[in-house]
Structure formats: structure tokens, C-alpha cells
Amino acid sequence: MNIIKRTCATCCAFNPAPHGDDPACLNLTFITEHHGTQQAVGRDPGPADWCPSHMTHKEDRAEDVAIAGFWQRLGIEPKRGRLPD
């Protein structure tokens, strides 16, 4: 059972301190709001927002392991971006 609240603050792609052109979401997800009008306004996600692309650090590592296993079955040596925790 997953008891972690699925918000941007718990996502591996969330950048809590964007600087300059750095995005708040490294998945480049934007929140669209209408504010009662037809004109949509986009904004960077905040810590309390969420989206379908959300992945915790544990889920992200599990996905990396699954992809590496698939590459190995194809005979391709997986590229290592970082050392395992």
C-alpha cells in the first residue's frame, strides 16, 4: 500500500528551487487553469499540484531497472546514468 500523497512535492521530476530558465517540473508539465473564462492560463506546477506523469524516486528506480533488463534481453548493454542507491 502506498501512503505517500501523490503531489509534485514527492515527484522525482519536481525542482523545488527553479532558477532562471529552469522549469519547476523536469517533465515539462504545466498546469492549465481557466478561472471561469475561455482563455486558458498556463503555469508551472507547485508542490501541492499533481499530474499523471508523477513518479516517486522509488518508482523511477524501478522503471530504470525494468528498462535495463529489457535492453539486456535484446543484447544491448544498458547505459548507466548514475550509480544505484
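How many residues does region 8-24 contain that are free of Cβ contacts under 8 Å to residues at least 24 places away in the same chain and on the phi < 0 side of the Ramachandran plot? I'd like the intermediate steps shown before the answer.
At the first step, the residues of region 8-24 found to be free of Cβ contacts under 8 Å to residues at least 24 places away in the same chain are 15, 17, 19-24.
If we keep only those that are on the phi < 0 side of the Ramachandran plot too, we end up with 15, 17, 19, 21-24.
Qualifying residue count, region 8-24: 7.
Mind listing just one residue for me: the one in region 1-49 that is part of a loop (DSSP other than H, G, I, E, B) and charged (D, E, K, R) and, of those, nearest to R61 (Cα to Cα)?
Selected residue: R6.
Looking at region 22-39 only, could you name the residues that are of a type in the set (D, E, K, R) and closer than 21 Å to M55 by Cβ?
Step one: filter region 22-39 for residues of a type in the set (D, E, K, R), giving 22, 33.
D22 - this is the single residue of region 22-39 that is of a type in the set (D, E, K, R) and closer than 21 Å to M55 by Cβ.
State which residue is farthest from A13 (Cα to Cα) when the search covers only region 41-80 and only residues that are touching a Ser or Thr at 6+ places or on another chain (Cβ under 7 Å) and exposed (fewer than 10 other Cβ atoms within 10 Å of the Cβ).
G42
Bear in mind that the values in this text are calculations on the coordinates, not laboratory data. Not measured: the values here are computed from a predicted model. With ideal geometry, Cβ positions are generated from the backbone for all residues, glycine too; neighbour counts draw on all protein chains shown.
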